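Colleague: After the C-alpha cells below, expect a handful of questions from me.
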Protein chains: 2
Amino acid sequence: MEDSIANLIDTYHELNAAVVEELDEEPSPLGFMRYVARNQPFVVRRAAKHWTAVRKWNADYLSRTMEDEAVKVVVTPRGNADAVVEQGDGSQAFVEPHETFEPFKRFLEDVRSSSQMFGKAGSNVKYAQTQNDNLRNEYETLYAGVPKDIPFARIALGAGADAINLWLGDDRSVTSLHKDNYENIYVQIRGQKHFVLLPPVEMPCINEQLLPKGRYVPCETTGDLEVQLDDEAEPVPVALWDPDMPDKLTTPYSYLAKPLRVTLREGDMLYLPSLWYHKVSQSVGDEGFVCAVNYWYDMDFSGHFWASNNFVRDVVNSEKMKPAYPELETDGQT
Amino acid sequence: MEDSIANLIDTYHELNAAVVEELDEEPSPLGFMRYVARNQPFVVRRAAKHWTAVRKWNADYLSRTMEDEAVKVVVTPRGNADAVVEQGDGSQAFVEPHETFEPFKRFLEDVRSSSQMFGKAGSNVKYAQTQNDNLRNEYETLYAGVPKDIPFARIALGAGADAINLWLGDDRSVTSLHKDNYENIYVQIRGQKHFVLLPPVEMPCINEQLLPKGRYVPCETTGDLEVQLDDEAEPVPVALWDPDMPDKLTTPYSYLAKPLRVTLREGDMLYLPSLWYHKVSQSVGDEGFVCAVNYWYDMDFSGHFWASNNFVRDVVNSEKMKPAYPELETDGQT
C-alpha cells in the first residue's frame, strides 16, 4: 500500500513539471478552462498593472477613501492566524485569531508602524483577512478600484465570483499550509506574497492530523493574547508538515513532495487551483504594508476530481489506522 | 481498505447523476471543455443529420464509391473480436480476430446477407473496425462524406483528431467491455449502437484480470476459426465482469456499479470520455448493415486524472495480492 501512495505521487510528478507556468497575458476563457481541467496553477506577471488599485492604492488614498470605517481585524501574537500552536503541556492545537473591529485609518497606521518594529516584543500582529466577500461589503468603497469580476474566469466557469476579498497586513503574518474548496484568482496590489504550493495529490506528504480547536483571547488583566481551547468544538484536520522545515514532522511520503514556489509582485496575478495546499508569507511594499485582492469561484465537485482526492485521503487514513501485523511465517504449512 | 474503495465509488455517484446528458445542439469549444474537465459523457441527438454520410451512405452508394478496393476485415466465429474466449481446458484467453483483406463490395454483401442469417451455424462474423485512422486511409474516398474534424473538439483540445475511423458490420458483432486512452466523438451513420458505459472510477467493479493472448486462425483443413495462443506475448489486462450479466464473474465491488445505457440512432453523436469503460452491441439499419464513424482525440495525461486512475488500479491490485491475515487476538498481551 505504501508503494501505491508513493507511486501516485511519483506518477503525478512524471506527468507534471514542478514549476508554476508563466503566461504572457491573461488566458481566454477556453484557455483558462484547460488549466482548471488540469488543476494546474499559472502566473500572469503585471496582468493587473492598469487596475486603479495597482495604480492608486497608497496609504494616503486608502485612508482618505475608507476613513474611520470600522473593519474587522484579526490579532495574533506572532502573525499566526489559523495556525498550530504548542500548548504549555507540549500538546498542539489549531488556534484561530482574536477578532476585533477597528477604525480603518488607525488599523492601517498600526500595520505600517508595526512592520518596521518586526521582532520587537509586545507588539501584536494585525491582519485584515476576513475572506467573507469583504471587498463587496466592509471595503465596498474600494471595490471600484478593481474589476467587478475576472472575465476569463467568470465566462469559463459560467458563474461570477462567489467572494472577492481584500487582504491587508504586514510582513509578520504567515498563512500556514492549508487548502480551499475554491478556484482562486489572486492579485497582488502592494508588497509581495511568497507562495509555497503543493498539488492535492501530495496530501500524504503534509501530515494531516486532527487537532483540538482554540482561539486567542486577550487576558483580562494583562491584555496579552492567550490560547483558550474550545472543548465543545469538533477537532479539525490540520497540516503539520511545513515545506519550509521539510525534515520536521514528516510522514513517510513528505520527502516525495516537490513544493512549487512563486513570489507575486505588484500587479501580478496567480491562478491557485482548488484543493492545492498553500503556505503564504509576505513582504511589505514601499509604504510598509502588504495588500492583495482575491476572487474565489465555486469549484466543481462533480466529475472525478473531488471523489479521487477523497479516496487518497481515505487510503492514507485507513493505512494509519491499521495495526502493524506481524510478518506471516510461510513455512509450508500456511 | 475495502471501505475506501466502496466509498470512492459511492462518493462519485453522490456527485454525478447516472444518466447520459442529452444536449439540444453541439456544445461550444468552451462548453465541450467543461465536459472534458468533468470527464462526463453526453449525446447530441441528430447532430449529424446534415452530414453527407447520414444522408447518402446506403449500400448502393458505398459500393459504387468503394468498388473493389481491398479493405481490412476482421473475422470471428461469434462476433467476438478482442474478447475473452474459454479454452477447451476451461481456462480463459483474450483472443484477437482473424484478419483478412477483401474487396469492399463483396465484404458489404457478406455483411448484409449474414445479418439476416443470424444464428445460422457456419457463418463467420465479419467486421471492418481497424481503428487505425482508416477513414483517412483505406476508406479515403468516403472521407468527403463526413466533416474533416469536429470543430468544437478540435478547438477545445487544441489539436485535430488523432484518428478518424469507420466501423462497418452486422448485428452479431459485440465489442466487449474495455477502455481507450482517447477523447472520443462517436457518430452513428446507419443502424444503431447500444452503449453500456462505466466511469473510470468503477475500475474495481470490472474484475480486471491478466489473460494470455491468442488469435483466431483458420484451420488448414476445415477452414474453421480456431484459437491459437501466443506463448511469447505478455498477458493482457481484461475486464471479466459483464454489466449485462451482473451476477457473474463479480468482484466485491461490482454491485456498486451504475452502468449508463444509451442507444445511438442514425445521425446521433456521443462524447465518450477518455478511460470510460464501454461495451457496444448493434442493430442493423434498413439495408442490413451498421455503420458508424468516430474521431479520436489525444487525452491529456498531465494534471491529476491519469495519476488518480492509476492509483485506484494500484490500490485494487495491491489489495488482491495481500494475504488474508488472521484476525489479531487482542487479549491484552499484544
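Colleague: Filter region B:16-28 down to the residues that are in contact (Cβ under 8 Å) with a residue 60 or more places away in the chain and either buried (at least 19 other Cβ atoms within 10 Å of the Cβ) or within 24 Å of the chain's Cα centre (by Cα) (or both) and list them by number.
Modeller: Listed by number, the residues that qualify are B:ASN16, B:ALA18, B:VAL19, B:VAL20, B:GLU26, B:PRO27.
Colleague: Can you find even one residue in region A:4-15 that is under 20 Å from the mean Cα position of the chain (by Cα) and under 20 Å from A:LEU197 (Cα atoms)?
Modeller: Taking every residue of region A:4-15 in turn, none turns out to be under 20 Å from the mean Cα position of the chain (by Cα) and under 20 Å from A:LEU197 (Cα atoms).
Colleague: Which residues, counting only those in region A:262-316, are under 20 Å from A:LEU197 (Cα atoms), of a type in the set (Phe, Trp, Tyr) and within 14 Å of chain B (Cβ to nearest Cβ)?
Modeller: A:TYR271, A:TRP276, A:TYR277, A:TYR297, A:PHE305, A:TRP306 - these are the residues of region A:262-316 that are under 20 Å from A:LEU197 (Cα atoms), of a type in the set (Phe, Trp, Tyr) and within 14 Å of chain B (Cβ to nearest Cβ).
Colleague: Give region B:233-273 a look and list any residue that's more than 23 Å from B:GLU25 (Cβ to Cβ), in contact (Cβ under 8 Å) with a residue 24 or more places away in the chain and of a type in the set (Gly, Ala, Ser), or say none.
Modeller: Across region B:233-273, the qualifying residues are B:ALA239, B:SER254, B:ALA257.
Okay, residues lined up against (1) buried (at least 21 other Cβ atoms within 10 Å of the Cβ); (2) closer than 23 Å to B:GLU99 by Cβ:
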{"residue": "B:ASN132", "(1), (2)": "no, yes"}
{"residue": "B:ARG136", "(1), (2)": "no, yes"}
{"residue": "B:ALA144", "(1), (2)": "no, no"}
{"residue": "B:ASP149", "(1), (2)": "no, no"}
{"residue": "B:ALA153", "(1), (2)": "yes, no"}
{"residue": "B:TRP167", "(1), (2)": "yes, yes"}
{"residue": "B:ASP170", "(1), (2)": "yes, yes"}
{"residue": "B:SER176", "(1), (2)": "no, yes"}
{"residue": "B:LYS179", "(1), (2)": "no, yes"}
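Colleague: Of the conditions (1) within 26 Å of A:ASP10 (Cβ to Cβ); (2) in contact with a Lys or Arg (Cβ under 8 Å, 6 or more places away or on another chain), A:LYS179 fails just one. Which one is it?
Modeller: Only one criterion is unmet by A:LYS179, namely (2).
Colleague: Could you tell me how many of the residues in region B:37-55 are under 28 Å from B:LEU142 (Cβ atoms), part of a helix (DSSP H, G or I) and either among the β-branched types (Val, Ile, Thr) or in contact with a helix residue (DSSP H, G or I) (Cβ under 8 Å, 6 or more places away or on another chain) (or both)?
Modeller: 3
Colleague: Name the pairs whose Cβ atoms lie under 6 Å apart, with the first residue in region B:123-140 and assigned to a loop (DSSP other than H, G, I, E, B), the second of a type in the set (Lys, Arg), and 6 or more positions between them or separate chains?
Modeller: Partner pairs satisfying both residue conditions: B:THR130/B:LYS72.
Colleague: Consider A:THR221 against the criteria (1) under 23 Å from A:VAL284 (Cα atoms); (2) at pLDDT below 95: it satisfies all of them except one. Which criterion is unmet?
Modeller: (1)
Colleague: Now for a different question. So, in region A:16-35, of the ones that are out of contact with any helix residue (DSSP H, G or I) (no Cβ under 6 Å at 6 or more places or on another chain) and within 8 Å of another protein chain (Cβ to nearest Cβ), which residue ends up farthest from A:VAL187 (Cα to Cα)?
Modeller: Only one residue fits best here, namely A:ASN16.
Colleague: Something else now. How many residues does region B:4-15 contain that are charged (D, E, K, R) and within 7 Å of chain A (Cβ to nearest Cβ)?
Modeller: So the count comes out to 0.
Colleague: Also: Does region A:196-216 contain at least one residue that is in contact (Cβ under 8 Å) with a residue 40 or more places away in the chain and loosely packed, with under 14 Cβ neighbours inside 10 Å?
Modeller: no
Colleague: While we're on this one: Looking at this structure, is B:VAL85 away from chain A (no Cβ under 14 Å) and hydrophobic (A, V, I, L, M, F, W, C)?
Modeller: Yes; evaluated as a whole, the condition is true for this residue.
Colleague: Do you know which of the residues in region B:36-48 that are more than 14 Å from every other protein chain (Cβ to nearest Cβ) and among the basic types (Lys, Arg) is surrounded by the most Cβ atoms within 10 Å (Cβ to Cβ)?
Modeller: Per the stated criteria, the residue is B:ARG45.
Colleague: Related question: Given A:VAL315, A:VAL293, which one is farther than 24 Å from A:ARG172 by Cβ, in contact (Cβ under 8 Å) with a residue 60 or more places away in the chain, touching a helix residue (DSSP H, G or I) at 6+ places or on another chain (Cβ under 7 Å) and among the β-branched types (Val, Ile, Thr)?
Modeller: A:VAL315
Colleague: Can you confirm whether B:ILE164 is β-branched (Val, Ile, Thr) and either more than 30 Å from B:LEU210 (Cα to Cα) or free of Cβ contacts under 8 Å to residues at least 24 places away in the same chain (or both)?
Modeller: Against the criterion (β-branched (Val, Ile, Thr) and either more than 30 Å from B:LEU210 (Cα to Cα) or free of Cβ contacts under 8 Å to residues at least 24 places away in the same chain (or both)), B:ILE164 does not qualify.
Colleague: So for region B:148-155 (the condition being of a type outside the set (Ser, Thr, Tyr), in contact with a Gly (Cβ under 7 Å, 6 or more places away or on another chain) and within 14 Å of chain A (Cβ to nearest Cβ)), does at least one residue qualify?
Modeller: Yes, that holds for at least one residue.
Colleague: I've got another one for you. Collect the residues in region A:141-160 that are in a helix (DSSP H, G or I), out of contact with any Leu (no Cβ under 8 Å at 6 or more places or on another chain) and not hydrophobic (A, V, I, L, M, F, W, C), keeping them in residue-number order.
Modeller: Answer for region A:141-160, where residues must be in a helix (DSSP H, G or I), out of contact with any Leu (no Cβ under 8 Å at 6 or more places or on another chain) and not hydrophobic (A, V, I, L, M, F, W, C): A:THR141, A:PRO151, A:ARG154.
Each row is one residue, and each column tells you yes or no for (1) part of a loop (DSSP other than H, G, I, E, B); (2) hydroxyl-bearing (Ser, Thr, Tyr); (3) modelled with pLDDT under 95.
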| residue | (1), (2), (3) |
| --- | --- |
| B:LEU62 | no, no, no |
| B:THR65 | no, yes, no |
| B:VAL73 | no, no, no |
| B:ASN80 | yes, no, yes |
| B:GLY88 | yes, no, yes |
| B:PHE101 | no, no, no |
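Colleague: Which residue out of B:VAL73, B:VAL95 is within 19 Å of the chain's Cα centre (by Cα) and without any contact (Cβ under 8 Å) to a residue 60 or more places away in the chain?
Modeller: None of the others qualify; the one that does is B:VAL73.
The values are calculated or read from the model by the stated rules, or taken from the named source; none is laboratory data. Keep in mind the model is a prediction, meaning the values are calculated, not measured. We place every Cβ from the backbone using ideal geometry, glycine too, and count neighbours over all the protein chains shown.
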